[in-house]
Amino acid sequence: MTIYDTLQGMAETEHDRQAQFENEMWVCLASGCASQNADQLADRLADLVKEQELEEKVNVKCVGCMGLCATGPHVTVKPAGQHYSEVRPEDAEALVEAAKTGEPYEPLYEPEYSQFFDRQTRIVLENAGSVDPESLEDYLVHDGYKALNIALTEMSPDEIIQEITNSGLRGRGGGGYPTGLKWSTVAKAESDTKYVICNADEGDPGAFMDRSVLESDPYRILEGMTIAAFAVGASKGHIYVRAEYPLAIDRLNKAIRRAKRENLLGNEILGTPFNFSIEIRLGAGAFVCGEETALIASIEGKRGQPRPRPPYPADYGLWGEPTLINNVETLANIAPIIRNGSDWYASFGTESSKGTKVFALTGQVNNTGLIEVPMGITLREIVYDIGGGAPDGRAVKAVQTGGPSGGCIPEHMLDLPVDFESLREVGSMMGSGGMIVMDDTASMLEVARFFMEFSMTESCGKCIPCRVGTKQMYDLLGRIESGVGTYRDLQLLRELCDVTQHTSLCGLGQSAPNPVLSTLHFFEDEYLSLLTDVEAAAD
């Protein structure tokens, strides 16, 4: 019997255990719900099930993020499909009764919860909200490690890379670089030591995609990293995650320890000659460390600053060795691609942007939370069909994508498809997946200044265009916003945007002007209305 056969036996045992229950109560224990005492709720539900001697009929299972983060804690009762929001420990008795009778507890019942998912396609998030993130057995029930077994026993490294290439997967960290091409470059590099790094240094304002995936499905990331390591010939891996994510770190550590015990990490993985280990490295919250070379410097114990490229990390990365760096969402796509095939994955999305994208939908929108949509869906569908539009019936004014590196897209352009090229053409970008909705009360100049302040504060200071340029642009925006700016200030602002964009060392400075440029392009009248010499601006 092989190690994988043993794992399959574990999966069958867990499947049979879960199948014996008449009802299951899934309690979200991701950060958003956990911060609102969801752990106490789960404990209370479990105590009531025991007190009423329902252990063989009702199962209380702690799961990851269900999506609608602003209205937690969340509980879903299966198989009835009843969903409850804003549940408190004192509601536990009523929910247990509902699970027993099959009749929903009306005060907290959310019958329209399913509509939040109608336009979503869940690949990265397929396990989020339904699988216990701390249970390897539950992950195995949901095809966990099937892809790794296929990769190690049925495919060569070249075949794996070709499959990823054929899928059309592009990096989900912001740049959209073809994943297969990056893997191929690292695989061709000649070295006895290679590394795989998972970039979980998520720093965009309003972004929580990576955190939610790590909290909800940590084994998926370990499996993706291990497949990537086998494909490129790496033997060591690092997950670089910010220290502000304690729950994600805890679950990753537990998953790594369990994976080692079951021969899913370490030496002779699944009984094959392949060896691979993973360590966690904590970041101190510097936004610039999301840039590859700055991230590498931080892992090496140096100050997190970018360096000129080339050489690229694929040739000269961690400790001077070839290094593959993918972000959390990119790696979360690997296992389903290997399981289901490249043609299956390529059937989602557009011609040049395949698959799906996870977004943190936030701002002035009714349904804030974590969503996953097929590439090519329009912004209007996301904002209205999934997000439910702006609160209180207000009009949507703009949508900002790409975090501090992105741009603001006006309401009349919301029929724009969400893909790498379309967003770039209008002065924005996909970014890692932040999406902020603004209603008609928002000041676009204030929005631009907020993001410029963020970039200015997070600049590592290594290169002058970013260090000085962001500060000067922030000051100019302040002059205009306070009503003392002139038309010359506006011209200087445009010039600084151009210089900073084209002469900064790394992506932080190169993209920092995007919020300013996009608001100037689409909302110039708001700037002009605040100038002291409007006549000069009109000439």
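Annotations for the structure displayed:
- FRET efficiency for the Thr6 to Phe450 pair, using the beta carbon distance and R₀ = 41 Å, is estimated at 0.15.
- Of Lys78/Lys100; Lys182/Lys260; Lys182/Lys462; Lys146/Lys182; Lys57/Lys78; Lys57/Lys100, pairs whose Cα-Cα distance is over 19 Å: Lys182/Lys260; Lys182/Lys462; Lys146/Lys182
- With a cut-off of 20 Å on the backbone N, the residues of region 144-188 near the modelled label site 7 Å out from Asp16 along Cα-Cβ are 144.
- Site pair Thr165 and Ser443 shows an inter-label distance of 5.3 nm when each label is modelled 7 Å from Cα along Cα→Cβ.
- Average Cα contact separation per residue, the chain, under 8 Å, 6 or more apart, as relative contact order %: 13
- Three principal axis extents of region 1-158 based on alpha-carbon atoms, in descending order, are 55, 37, 25 Å.
- Considering only the chain, percent of DSSP beta bridges that pair antiparallel, nearest 5: 50
- Segment Asp498-Glu106, extension gain: residue separation times 0.36 nm, minus the distance between their alpha carbons: 135.5 nm
- With the simple spin-label model, which puts each label point 7 Å out from Cα in the Cβ direction, the Asp43 to Ser235 separation comes to 4.6 nm.
- Its DSSP H runs of at least 4 residues, each contributing -39,500 (n - 2.57), put the calculated 222 nm mean residue ellipticity of the chain at -12000 deg cm²/dmol, to the nearest 500.
- Rg/Rh ratio calculated on Cα atoms of the chain (Kirkwood radius): 0.99
- Prolate is the label for region 356-442, because the ratio a/c of its alpha-carbon gyration tensor axes (a ≥ b ≥ c) is 1.5 or higher and a/b is greater than b/c.
- Taking the chain, the Cys residues with no second Cys beta-carbon under 4.7 angstrom are Cys62, Cys65, Cys69, Cys198, Cys289, Cys408, Cys460, Cys463, Cys466, Cys497, Cys506.
- Highest average first, the peptides 372-379, 297-304 ordered by how many other beta carbon atoms sit within 10 Å of their residues are 372-379, 297-304.
- Contour minus Cα-Cα distance for Thr153 and Glu55 (0.36 nm per residue): 31.3 nm
- Label-point separation in nm, Asp118 to Ala346, each point 7 Å along Cα→Cβ: 3.3
- Cβ crowding within 10 Å averaged over residues, with 396-405, 436-445 ranked highest first: 396-405, 436-445
- Gain on full extension, evaluated as 0.36 nm per residue between Ala80 and Asp525 minus their Cα-Cα distance, stands at 154.9 nm.
- Mean separation of Cα contacts under 8 Å, 6 or more apart, over the residue count of region 64-183: relative contact order %: 17
Bear in mind these aren't lab numbers, they're just calculated from the coordinates by the rules spelled out. Since we're looking at a predicted model, the values are computed, not measured. Cβ: placed from backbone, ideal geometry, glycine included. Neighbour counts: every protein chain shown.
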